1. What residue, among those in the range 62-81 that are of a type in the set (S, T, N, Q) and at pLDDT below 75, is nearest to HIS265 (Cα to Cα)?
2. Just one of (1) of a type outside the set (Asp, Glu); (2) assigned to a loop (DSSP other than H, G, I, E, B); (3) more than 21 Å from VAL137 (Cα to Cα); (4) without any contact (Cβ under 8 Å) to a residue 40 or more places away in the chain trips up VAL221, so point out which.
3. Working carefully through the options ARG141, ARG199, find the one that is at pLDDT below 95, open to solvent by 40 Å² or more (accessible area, probe 1.4 Å) and under 18 Å from ARG262 (Cα atoms).
4. Does the range 137-172 hold any residues that are aliphatic (A, V, I, L, M), farther than 14 Å from HIS265 by Cα and in contact with a His (Cβ under 9 Å, 6 or more places away or on another chain), and which are they?
5. Looking at the range 176-199, is at least one residue over 38 Å from the mean Cα position of the chain (by Cα) and of a type in the set (Ser, Thr, Tyr)?
6. Looking at the range 231-240, is at least one residue within 29 Å of the chain's Cα centre (by Cα), hydroxyl-bearing (Ser, Thr, Tyr) and under 14 Å from LEU267 (Cα atoms)?
Amino acid sequence: MKPLFTHAPVPGYRMLLCAVLALTLMFAEHQLSRVEALRAQLSTVVAPVQWLVSLPSDVLSWGSLAMSDQRALVDENRQLRQQLLTLSHRVQRMASLTAENVRLRELLNATQRDDIPFLTAELLSLDSDPFTQQMVVDRGRRDGVYVGQPVMDASGLVGQVTSVSAYTSRVLMVADANHAMPVQVNRNGLRFIIQGTGRFDAMRVLHVPDTADIREGDLMVSSGLAGRFPVGYPVARVSEVAHDPGEPFATVMATPVAKLQRARHFLLLFPPDVDVAAGDSLWTDDFDLDPLPKELMR
């Protein structure tokens, strides 16, 4: 016998069947409340499948977000490090400025006489010769500086100007072996000549009689006898007094009071009896100087 059906059902019947089934379910869901519960149960059963299907997309999204967050953290960390370095530099600079402000305040309070005009200066360089104690400051002929002008820091006399250019000046320090000046003992007024030794920490008091009343710790100040340094400014403190029996003179050593190796800011003193604003030739030393600006004088 031949089979009843020799061919498979036409595909159009399947689609029609699916459409009828879908319409039936939609009508049933709209009309029957039990279908809603059935749909909830089916959703629960299908949820793991949906999660598995969406898992690759979620993993890619999470990875992209994690990488972007890490990149953002790295960039933020780099910015914070740069900011930390900048702030650290500013803190160090602030500490330097604070110390400089303290030194300048001490410097301005170091003058003993209000009637002595002065000019502030800053260190530019030191002489590289170890046997020459000289330095260059940032004031020159345009500022009214002259040869022989006294220079001091917050502690005492530093030296005197030996040469002047338009914008800078060279200063011979009191510790230089070629520098000598008259001083007196602050305690009793005895007058001597003190000379540098070429070392920052040592000066020699010349021709001190063996019987002279001079002791270790005595402060030696400028006597003003040479007419170049004002009277009463600290120069050195006696560090050693050696008596050699049979010798007419004692060996007396002293330590400069000024911070020759550490100071960076200085005062250049002018004669108190000169009208600085007028550019008096008394202190111009044959230089054609412009009048000193009034705002530089305090």
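The values are calculated or read from the model by the stated rules, or taken from the named source; none is laboratory data. Small disclaimer: the values here were computed from a predicted structure and weren't measured. Note that we place each Cβ from the backbone using ideal geometry, even for glycine, and neighbour counts take in every protein chain shown. These area figures cover heavy atoms from the full protein model, side chains too; ligands, DNA and RNA do not enter into them. Shrake-Rupley method; radii C 1.70, N 1.55, O 1.52, S 1.80 Å.
1. Of the range 62-81, the ones of a type in the set (S, T, N, Q) are 64, 68, 70, 77, 79.
Of the ones still in play, those that are also at pLDDT below 75 are 64, 68.
Details: SER64: 60, SER68: 54 Å.
Ranking the qualifying residues of the range 62-81, first place goes to SER68.
2. So VAL221 meets the others, but not (2).
3. Step by step, each of ARG141, ARG199 is checked, and only ARG199 is at pLDDT below 95, open to solvent by 40 Å² or more (accessible area, probe 1.4 Å) and under 18 Å from ARG262 (Cα atoms).
4. LEU172, the sole residue that qualifies.
5. Checked against the condition, which is being over 38 Å from the mean Cα position of the chain (by Cα) and of a type in the set (Ser, Thr, Tyr), the range 176-199 yields no hits at all.
6. no
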